[in-house]
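The values are calculated or read from the model by the stated rules, or taken from the named source; none is laboratory data. As the structure is a prediction and not an experimental result, all values here were calculated from the model. So basically every Cβ, Gly included, is an ideal-geometry build from the backbone, and we count neighbours across all protein chains shown.
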């Protein structure tokens with residue numbers, strides 16, 4: 001027994017030593033900007049340090065060939081199992097080979113319920129049905145809706161565009177079979193956060209011309225990524241180093257998600273992947289001049305950059321409307337359903353949401369906008385953990401519930 005304790009002590013000392021070395025080596029990685037007016041800044045800094053440490057460890061393990069970076073990060077963001085819920089009937093199924101989990105309120109309903117299709121965030125590489133369990137349960141209970149959480153296949157094991165295609169497949173299946181689950185097919189809402197918000201926007205755009213299935217009645221976009229042309233918008237500058245999603249980390253994960261060479265990161269950040277003709281074409285939609293002045297207080301116009309044709313060729317997926325829904329033509333945008341847009345002040349993707357909101361409004365689409373002044377990217381992922389959560393986490397979910405209950 002004494003030898004066991006001795007070995008445990010030695011192992012603990014070694015682990016502590018390794019962690020200290022990692023912290024010292026990557027000291028600058030821990031210097032994220034934690035805005036003083038963000039939700040509970042001390043708590044956010046603590047979480048950021050823990051996440052950064054695990055990310056550094058993951059990168060080192062990948063460089064040693066032990067396992068790839070995304071494996072450890074998935075474990076970190078995977079969430080803890082939730083307790084049983086007597087108010088819901090929960091089933092795991094497959095919609096045309098796409099895993100889904102369906103949450104149905106047990107209380108009887110006098111009529112068919114509304115349905116909510118939920119796509120989780122995580123850059124297309126992280127997150128799962130389990131990690132969003134608490135959120136989907138809450139949505140189902142509080143809005144008295146049947147919620148379908150989609151477990152789309154993740155990159156890099158499944159190449160893009162498997163993720164948005166899985167989301168589309170699951171949505172179409174549910175629209176066709178909604179009545180089998182006690183759902184009114186004319187009262188189905190699509191919802192997602194971060195990359196899930198991207199997939200939500202993409203799915204709704206792809207369904208506008210479908211005549212063989214019911215129409216989506218509304219969409220909820222929670223701090224979505226909606227374009228990959230300009231990474232120098234006011235929110236990119238203001239929140240370039242804010243936890244958890246820095247400007248650099250956003251592009252790093254985009255390239256990893258698409259299985260591209262991450263050495264192109266600086267070129268993409270600078271905008272060298274976009275030809276001038278494309279910048280001119282989309283300037284009417286992606287332009288800091290379209291951002292309200294209150295969000296541009298410290299904005300500085302970026303210096304012109306040199307176009308790099310080889311980077312453009314390698315990153316052509318970024319210009320697809322499936323990846324960058326903000327690039328869709330007006331003929332598509334004007335036919336989109338009512339929209340709930342949720343943005344966070346301390347988020348590099350804030351302006352994607354603001355620009356899409358304006359486009360929708362310009363095309364006479366009804367938009368309900370909630371702006372979390374103290375919110376940050378990833379705050380939704382902390383929902384349901386009591387004192388370990390953030391006020392903005394609950395606010396986002398409750399705004400979503402209130403919007404859903406209107407349909």
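Side notes on the structure shown:
- Residue 307 meets the conditions (1) in a helix (DSSP H, G or I); (2) in contact (Cβ under 8 Å) with a residue 24 or more places away in the chain; (3) over 19 Å from residue 325 (Cα atoms) in every case but one. The failed one is (1).
- Note on region 262-277: residues that are surrounded by fewer than 16 Cβ atoms within 10 Å (Cβ to Cβ) and touching a residue at least 40 places away in the same chain (Cβ under 8 Å) total 0.
- Filter pass, residue 113 being surrounded by fewer than 22 Cβ atoms within 10 Å (Cβ to Cβ) and under 29 Å from residue 178 (Cβ atoms): yes
- Test set (1) touching a residue at least 60 places away in the same chain (Cβ under 8 Å); (2) closer than 21 Å to residue 395 by Cα; (3) surrounded by 17 or more Cβ atoms within 10 Å (Cβ to Cβ) - residue 142 fails condition number: (3)
- In the set (1) closer than 28 Å to residue 224 by Cα; (2) surrounded by fewer than 12 Cβ atoms within 10 Å (Cβ to Cβ); (3) at pLDDT below 95, residue 92 fails one condition alone, (3).
- Residue check for residue 343: closer than 30 Å to residue 374 by Cβ, touching a helix residue (DSSP H, G or I) at 6+ places or on another chain (Cβ under 8 Å) and not in a helix (DSSP H, G or I): yes
- Summed over region 28-51, residues that are within 22 Å of the chain's Cα centre (by Cα) and in contact (Cβ under 8 Å) with a residue 60 or more places away in the chain total 13.
- Matching residues in region 342-364 - criterion: being touching a residue at least 24 places away in the same chain (Cβ under 8 Å), in contact with a strand residue (DSSP E or B) (Cβ under 6 Å, 6 or more places away or on another chain) and surrounded by fewer than 24 Cβ atoms within 10 Å (Cβ to Cβ): 345, 360
- In summary, residue 243 fulfils each of the numbered conditions (1) surrounded by fewer than 24 Cβ atoms within 10 Å (Cβ to Cβ); (2) over 24 Å from residue 152 (Cα atoms) with the single exception of condition (1).
- Unique residue being in contact with a helix residue (DSSP H, G or I) (Cβ under 7 Å, 6 or more places away or on another chain), in a strand (DSSP E or B) and assigned by TED's automatic domain parsing to the domain that holds residue 379 when the list is 118, 126: 118
- Check on residue 349, more than 14 Å from residue 224 (Cβ to Cβ) and either out of contact with any helix residue (DSSP H, G or I) (no Cβ under 6 Å at 6 or more places or on another chain) or assigned by TED's automatic domain parsing to the domain that holds residue 391 (or both): no
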